[in-house]
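What follows is a single structure, written as structure tokens, with notes after it.
The values are calculated or read from the model by the stated rules, or taken from the named source; none is laboratory data. Everything quoted here is computed from the prediction, not taken from an experiment. Reconstructed Cβ throughout: ideal geometry from the backbone, glycine too, with neighbour counts over all protein chains shown. In case anyone asks, the SASA skips ligands and DNA or RNA and just uses the protein heavy atoms, side chains included. Shrake-Rupley method; radii C 1.70, N 1.55, O 1.52, S 1.80 Å.
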Amino acid sequence: MIQSQHLYFLLILGLLSCTSESIRFDLQSGYTKCISEDIKSNSMTVGKYSVVNPNEGHPMPDGHKLTVRVTSSYGNSYHYSEIVESGQFGFVAAEAGDYMACFWAADHKPQITLTVDFDWKTGVAAKDWSNVAKKGQVDAMELELKKLYDTAIYIQEEIYHLREREEEMQELNKTTNSRMAWLSFLSLFVCLSVAGLQLWHLKTFFEKKKLI
């Protein structure tokens, strides 16, 4: 019983860690860097990004600005911000799939390197729990219970989503195997046909030469 509780706790931590991604990366001027996140439909997602000031306590140097675009796997744009030092986005995913956040730094002579902080949260991790507590006037225990409830719902939805993806992959494998079988049969038929034509041609050739 204790072991199953530990496994359940680890499952919760694993899913929550998958829905919250906070990274820092370097981006050279004139180049683009993209980060993807697999989001299921009707899931809330929020992101914040900012250029790190290399000279803390001083104004941001010229050229330390980004152009950011967030798109779905179908090419639909959900966020676009041009030549900014920082920004944020938030939306409910209308379509499931890999969403792409692309950062581009304008070309600069001499070349400079920007350091970018990016925080991307999806699902339960994207909810503003402090705002929920203020609006609902709930105490700490109630808030924790609501977090656990929403986490359990999210886990259930994630399991359903994974099952759907697994069924799609199985169907794709079946279709691929069926097509490969037909292709193999067609290749065998073509090879036998070519071999038959070659035998017929040789037989005709030898008969004309009166060798057989």
Quiz item: How far, in nm, would the chain grow between SER36 and GLU167 when pulled straight, counting 0.36 nm per residue and subtracting the alpha carbon separation?
Solution: 44.9 nm
Quiz prompt | Efficiency of FRET between ASP119 and PHE185 - r from beta-carbon atoms, R0 41 angstrom, step 0.05 | solution = 0.15
Practice problem: Calculate one ³J(HN,Hα) per residue across segment 28-45 by plugging θ = phi - 60° into the Karplus curve 6.51 cos²θ - 1.76 cosθ + 1.60, and present them in order as whole Hz with x for glycine and proline. | Solution: 7, 4, x, 10, 10, 10, 10, 10, 10, 9, 7, 10, 8, 5, 6, 9, 7, 9
Quiz item: What does the accessible area of ARG24 come to, in Å² to the nearest 10, when a probe of 1.4 Å is used?
Solution: 150 Å²
Quiz prompt | Loop-located chymotrypsin sites (Phe, Trp or Tyr not before Pro) in segment 50-96 whose Cβ has at most 14 other Cβ within 10 Å (DSSP) | solution = TYR74
Quiz item: Is the shape of segment 19-137 best called rounded, prolate or oblate, per the rule: a/c under 1.5 gives rounded, else a/b larger than b/c gives prolate, else oblate, with a ≥ b ≥ c the square roots of the Cα gyration tensor eigenvalues?
Solution: oblate
Quiz item: Taking the Cα-to-Cβ direction at SER86 and at THR176 and moving 7 Å from each Cα, how far apart do the two end points lie in nm?
Solution: 4.5 nm
Practice problem: Kindly write out, for segment 68-75 in residue order, the coupling ³J(HN,Hα) from the Karplus curve 6.51 cos²θ - 1.76 cosθ + 1.60 (θ = phi - 60°), rounded to whole Hz, with x marking Gly and Pro. | Solution: 10, 9, 10, 10, 8, 5, 8, x
